[in-house]
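What follows is a short report on a single structure.
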Amino acid sequence: MQEKIQHQLIDYLQIFKSKLLFILGGTLLVMVLAAVYYWGIASPIYEAKTTLLNIQPKYQKIQTGATSNALTMVSLKNLIESRDLVATVRKRLGWEKSVKLDDLARCMEARLLIEEDTNIRKSYAPIIELYAQASNGKDASDLANTWARVFIERYNNLTRDVSEQNFTFLEAEYSRLDKELKDKQTRLIYAREQMTLSQKRISTLRSMMAGYLGTSGEVLSNLPNGEMVDLMRQKSIINSDNWSQVNAQPQMKVNIPPSTGMMETSHLIGYEAQLQDLEIKIKELQARQKSGDNVASELSGSIARKTELTRKLKEIGKEVTLLRTTVSQQEMQTAALEREVAALQSKYFLVAKRKEEAELEKSRLDHIMSAQQAESDDVKVAAWAVPPEKKKGPKRVLGTLSAGAGAFILFTLLAFLLNYIQEFRPQRKTA
């Protein structure tokens, strides 16, 4: 077995030796052609690089988890390498007639720097490198820098469109909230006024029931029994001869709210006080009637007046009860309106602040676009491209040697193939 392998190797070496001139000649020919191409025909390749820094937006930043930065960077890379952007760069440089769009696209490459690459996720650095290749250093640097400027202008246009939409929305929202807030505030003022009117009406009714009014209409409250009797004597409300009977009642006080300005001033004394005075007067008249005095007519009038006062007190009591229920409901309604107004005010102030910021951002972007400045809050140029001094390619020596190595292998295989064909034909004819 080993002898057979040795014989085959010897045969291969003999074939290689017999075809060596053919192999070397073919290899040398290819190397000469490669040298002519690399040294005389192939154009030199210069590569320039512009570095962009992607800064996350200050406003309206969307948090989408750990991969949000990677998605943002990949999206920017796709935007940078879009054919529309490449066409704009070619037009800006004036290469529309001399350079094909596909050829120019192959000379432009955006690269992302990977900070972390694991099986779970891939994290990118906020840096984008724009590589541009051309036949001379100046064209390469011009291509890279123009590419960066065009991209930032395009990015500013997109940002300005978003800013204008955001400003339009905030302006409409501001107007809506302003109108709604004014309506709520008007309703709140009206509800407070209605609640105040109800409370004043309750105070008026309570004063009518239990209050004692002065000569000018003011309410007198918390008067002790003696002072109240002195006041009634001065006004000839009760018989001065019987004031001691009133004075005998222990510690009679009347608690009345302050004057509200809506009080009915047609009564000097409240209904409850009048009723008490009438009861005293009726007792006095009944005593006089028992003594033989003719006071029947006056007594019947006092009793009728007492009945009327009792009826009025019941009606006022019902109205006070109803008004208290109304005031309770008005207080709840007012409290609800106050909460709504407070919430609307907070939202109104927030929208007003964001509207002001959006207006400033819109004005700034309009100024940048009108001045044609290559800057942006989100994307900035970290380093502009400069004309490279050394060319990147072609690698002449390496290319020539690579062509020679490939030609040597190719011609070796071709030599064995030709030897096989030469041996196979006589065997076929003999058969």
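The values are calculated or read from the model by the stated rules, or taken from the named source; none is laboratory data. Just so we're clear, the structure is a prediction, and the values are computed from it rather than from any experiment. As a convention, Cβ positions derive from the backbone with ideal geometry for all residues, glycine included, and neighbour counts pool all protein chains shown.
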Open item on the list: Return the residues of the range 1-28 that are touching a residue at least 12 places away in the same chain (Cβ under 8 Å) and not in a helix (DSSP H, G or I); say none if nothing qualifies.
Closed with: Lys19
Task: Selected residue [in contact (Cβ under 8 Å) with a residue 60 or more places away in the chain, basic (Lys, Arg) and not assigned by TED's automatic domain parsing to the domain that holds Gly317] from Lys184, Lys200 - done: Lys184
Open item on the list: Looking only at the range 29-53, filter to residues that are part of a strand (DSSP E or B) and surrounded by fewer than 19 Cβ atoms within 10 Å (Cβ to Cβ); which one of those is farthest from the chain's Cα centre (by Cα)?
Closed with: Ile45
TODO: Inspect the range 310-318 for any residue being of a type in the set (A, V, I, L, M, F, W, C), modelled with pLDDT of 85 or more and surrounded by fewer than 16 Cβ atoms within 10 Å (Cβ to Cβ) and give the result as yes or no.
DONE: no
TODO: Mind telling me which of the residues Arg305, Arg311, Arg324, Arg339 ends up being of a type in the set (Lys, Arg) and in contact (Cβ under 8 Å) with a residue 40 or more places away in the chain?
DONE: Arg324
- [ ] Tell me which residues, restricted to the range 68-100, are at pLDDT 85 or above and under 26 Å from the mean Cα position of the chain (by Cα).
- [x] none
Open item on the list: If I ask for residues that are surrounded by 15 or more Cβ atoms within 10 Å (Cβ to Cβ) and small (Gly, Ala, Ser), which ones from the range 168-199 would you list?
Closed with: Ala191, Ser198
Open item on the list: Give me the residue from the range 124-149 that is surrounded by fewer than 20 Cβ atoms within 10 Å (Cβ to Cβ) and touching a Ser or Thr at 6+ places or on another chain (Cβ under 8 Å) and, out of that set, nearest to Leu365 (Cα to Cα).
Closed with: Asn145
- [ ] Those residues that are among the small types (Gly, Ala, Ser), more than 21 Å from Ser328 (Cβ to Cβ) and at pLDDT 90 or above, I need them from the range 174-229; list them, please.
- [x] Ser175
Task: Residues that are more than 19 Å from Ile189 (Cα to Cα) and not aliphatic (A, V, I, L, M), drawn from the range 310-339 - done: Thr310, Arg311, Lys312, Lys314, Glu315, Gly317, Lys318, Glu319, Thr321, Arg324, Thr325
